[in-house]
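What follows is a short report on a single structure.
The values are calculated or read from the model by the stated rules, or taken from the named source; none is laboratory data. For clarity, every value in this text was computed on a predicted model and none was experimentally measured. Ideal geometry is used to build each Cβ from the backbone, glycine not excepted, and the neighbour counts take in all protein chains shown. In case anyone asks, the SASA skips ligands and DNA or RNA and just uses the protein heavy atoms, side chains included. Shrake-Rupley method; radii C 1.70, N 1.55, O 1.52, S 1.80 Å.
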Amino acid sequence: MNFSLEQLRAFVAVYEQRSFSKAAVKLDKHRTTIGQVITNLEDQLAVELFERVGRSVVPTDDAVLLYNYAKQTVQQAMTFDKVALSLSYGELESITIAYCSFIPPWVIADIRLDLHTQYPNMKVNFIIRTKPEIKKGIVDGSIHFAFVNIYRSDVINSIESTYLKNLPFGLFAGNNNPLVAMDSSETFHGMKNSRQLILKSLIDDEMGEKVIFSAEYEVIDQLALVVKFLERNIGWSLLPKNIIHNDFVSEHLSTFECDQFQETIQVPLSLWNLHSKQISPIRKVIIDAFNQSVTD
């Protein structure tokens, strides 16, 4: 059987919207057109895809089975279109790189410096975004690259994902915080009964059950602000261990040990981008700069 992309797009839209009218709006088509396309597809397949319930539709078991295959085909077609279109373009004049807030600023600075060396005339924008915002931005083209916590993540086919490394997280507090002076056998009790500062991006990436230890916790959006709070002995925090290798962490900050915290928390990080002829060489520069800047 041969199916047109128009049929598959209509099927995916109706399945996701649970409505012919909403699918028509999404695809910029008339409702009658979408209804006829679905009817034709059902005739070709000789199966019913949707049960009409008032103004809504309910996918049949056959539709549920076919949805993922149709979705993948539509996404692959979109990727083909974008890659084919990119072949006729020259170098990018501007790119936007999104990242999660726990990546230290000097890592971003190192990446920017290498990009400046290789592409001195290219404008580079850096923005902090959540994973859903990143996925949407890459698909619609407003974000070209993104550093993403893939602790829990399903990447769609139109996004290229390159695994970078696991970032180890450790326990940090100000030098005068009582936790620093405690024996490692006692710190777990102290952690549970004192203020914990948590990076918002870890909560956004569904790691709450893994990183929250104290009932008295506060969520902070920026890594730099967490560090400043710790320096002033406002709580303790889980932070990337590699921050201790840079001047970003002052002499007022310390790590501490905990017997109940034997297994280091690892946060898997990937670089996401769209498939594109112009993006591939830039991607290599970004990856090389990241690997040189981030030490285990």
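A crude spin-label estimate for the pair Q36 and S161, with each label 7 Å from Cα along the Cβ direction, gives 4.0 nm. Stretched out straight at 0.36 nm per residue, the stretch from T255 to K284 would grow longer than its current Cα-Cα span by 7.1 nm.
Could you tell me the center-to-center distance, by alpha carbons, between region 169-225 and region 1-70 in angstrom? Centre-to-centre (Cα) distance: 49 Å. Peptides 116-125, 184-193 ranked from most to least packed, by the mean per-residue count of other Cβ atoms within 10 Å: 184-193, 116-125. With every protein chain in place and a 1.4 angstrom probe, the accessible-area ranking of H144, H275, H30, largest first, reads H30, H275, H144. Treating r as the C-beta distance of V58 and F3 and R0 as 30 Å, the FRET efficiency rounds to 0.85. Note on region 158-296: with neighbouring protein chains present and a 1.4 Å probe, carbon and sulfur make up 47 percent of its accessible heavy-atom surface.
Please label the shape of region 173-259 as rounded, prolate or oblate, based on the square roots a ≥ b ≥ c of the eigenvalues of the alpha-carbon gyration tensor (a/c under 1.5 means rounded; beyond that, a/b larger than b/c means prolate, else oblate). Verdict is oblate for region 173-259.
Across the chain, the relative contact order, built from alpha-carbon pairs under 8 Å that are at least six residues apart, equals 23 percent. Were the residues from S185 through E263 laid out at 0.36 nm apart, the gain over their Cα-Cα distance would be 26.6 nm. Note on A77 and V219: with the Förster distance fixed at 45 Å, the Cβ-Cβ geometry gives a FRET efficiency of about 0.65. Taken along the Cα-to-beta-carbon direction at a fixed 7 Å, the label points for K123 and H275 span 3.0 nm. Multiplying the residue separation of V47 and Y67 by 0.36 nm and subtracting their alpha-carbon distance yields 5.8 nm.
Using a probe of 1.4 angstrom and keeping all protein chains present, the accessible surface of the chain works out to 52 square angstrom per residue. Taking Cα atoms only, the orientation of helix 31-45 departs from the longest principal axis of the chain by about 80 degrees.
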